[in-house]
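Trainee: Before I ask anything, here is the structure I am working with.
The values are calculated or read from the model by the stated rules, or taken from the named source; none is laboratory data. Being a predicted model, the structure only gives us computed values, none of them experimental. No Cβ is skipped: glycine too gets one built from the backbone with ideal geometry, and neighbour counts run over all protein chains shown.
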Amino acid sequence: MSQSPIRLQSIDNKTRAIDAIPLIQPHRLFECQYKLGKVNGCFEGEPRHANFVVQGSGPIVRFRGVSYELKKIHIHSESEHVVERDDPCDFELHLVHAPLGSPIASPLVVVGILFTVSGQPGKPNKSALAISEMIKSAESHVCVALDPLDLFPRSAKGKPDTTEWFHYEGSLTGFPYSENVSWIVMRNPATVSENLIESLSRHAEQHSRELQPLDRRIVVRSFLDKSETR
């Protein structure tokens, strides 16, 4: 079985055993080739089971040398993956990519971005602004424009962090749980402002699937733990 979601951590806190293998050349496995710029999209589907569907061409990621195009974004209230911590984060976005130029919508590459709620007042960050646009589309039934790069966590320099991730082979986290998903889950969470919690929850998937066993799968990562050196 290769079901999702799973717990993801670099090194086991108790045994100090390596849980995810660091890659020497991670860009050869996965590379986010998103460029700065907005895409148009609309919320489609039933309430709490809707997706933000990209209209026209979406940004590209490369996985194992093949290009995949962003097709839709799905929201979960409470993260399904648990990453480098003991408990879930507040939300998780799934950026769903299908093979570029192919009529076949499978296999999929799904980028998971976890979100924590920031209670700090002040100017909304780019993630919050992008999510505000998604909520506007869901509540007003209009198409909006947003930059998918704004949804990623920020680096220490304030730029989108698309390079620190875990990878494993898994499944959809909703019915029919098809095992056709290559998961890229970002190591660090992004943040969303507290005043968006209620609106975001209204348009998020209610169900959050329980963690699944890893079985014989291997998890890899694109970064080194602070205790490691190349």
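Each row is one residue, and each column tells you yes or no for (1) under 19 Å from G174 (Cα atoms); (2) in a strand (DSSP E or B); (3) among the polar types (S, T, N, Q).
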residue: C42; (1), (2), (3): no, yes, no
residue: E46; (1), (2), (3): yes, no, no
residue: Y68; (1), (2), (3): no, yes, no
residue: I73; (1), (2), (3): yes, yes, no
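Trainee: Here's something else I'd like to know. On the basis of being of a type in the set (G, A, S), in a loop (DSSP other than H, G, I, E, B), farther than 21 Å from L29 by Cα and in contact (Cβ under 8 Å) with a residue 40 or more places away in the chain, does S106 make the cut?
Mentor: When the stated conditions are applied, S106 does not pass them.
Trainee: Same structure, new question: Test S127 against the stated conditions and say whether it is closer than 20 Å to H203 by Cβ, in contact (Cβ under 8 Å) with a residue 60 or more places away in the chain, crowded, with 21+ Cβ neighbours inside 10 Å and under 17 Å from the mean Cα position of the chain (by Cα).
Mentor: So S127 fits the description; yes.
Trainee: Residues of segment 81-93 being at pLDDT 95 or above and either part of a loop (DSSP other than H, G, I, E, B) or in contact with an Asp or Glu (Cβ under 9 Å, 6 or more places away or on another chain) (or both), which ones?
Mentor: Answer for segment 81-93, where residues must be at pLDDT 95 or above and either part of a loop (DSSP other than H, G, I, E, B) or in contact with an Asp or Glu (Cβ under 9 Å, 6 or more places away or on another chain) (or both): just H81.
Trainee: Among the residues of segment 121-136, is there at least one that is of a type in the set (G, A, S), touching a Ser or Thr at 6+ places or on another chain (Cβ under 6 Å) and outside any loop (DSSP other than H, G, I, E, B)?
Mentor: yes
Trainee: May I pose another question? Would you confirm, using the coordinates I've provided, whether H49 is touching a residue at least 40 places away in the same chain (Cβ under 8 Å), in contact with a strand residue (DSSP E or B) (Cβ under 9 Å, 6 or more places away or on another chain) and crowded, with 24+ Cβ neighbours inside 10 Å?
Mentor: no
Trainee: Select from segment 94-109 the residues that are surrounded by fewer than 21 Cβ atoms within 10 Å (Cβ to Cβ) and either touching a helix residue (DSSP H, G or I) at 6+ places or on another chain (Cβ under 8 Å) or at pLDDT 90 or above (or both) and list them in ascending order.
Mentor: Within segment 94-109, A98, P99, L100, P107, L108 meet the criteria.
Trainee: Say whether the condition of being out of contact with any helix residue (DSSP H, G or I) (no Cβ under 9 Å at 6 or more places or on another chain), closer than 22 Å to V54 by Cβ and among the small types (G, A, S) is met by at least one residue in segment 142-153.
Mentor: No, the conditions are met nowhere in segment 142-153.
Trainee: Where the second residue is crowded, with 17+ Cβ neighbours inside 10 Å and part of a loop (DSSP other than H, G, I, E, B) and the first is free of Cβ contacts under 8 Å to residues at least 60 places away in the same chain and among the acidic types (D, E) and lies in segment 56-73, which pairs have Cβ atoms under 7 Å and are six or more apart or on separate chains?
Mentor: So the pair list comes out as E69/G58.
Trainee: May I ask you to say which residue of S182, S201, S193 is more than 17 Å from V109 (Cβ to Cβ) and either surrounded by 16 or more Cβ atoms within 10 Å (Cβ to Cβ) or free of Cβ contacts under 8 Å to residues at least 24 places away in the same chain (or both)?
Mentor: S193 is the lone residue from the list that is more than 17 Å from V109 (Cβ to Cβ) and either surrounded by 16 or more Cβ atoms within 10 Å (Cβ to Cβ) or free of Cβ contacts under 8 Å to residues at least 24 places away in the same chain (or both).
Trainee: Also, I was wondering about something else. From I24, I6, I73, grab the single residue that is under 18 Å from the mean Cα position of the chain (by Cα), of a type in the set (V, I, T), at pLDDT 90 or above and over 29 Å from V142 (Cα atoms).
Mentor: Selected residue: I6, the only one of I24, I6, I73 that is under 18 Å from the mean Cα position of the chain (by Cα), of a type in the set (V, I, T), at pLDDT 90 or above and over 29 Å from V142 (Cα atoms).
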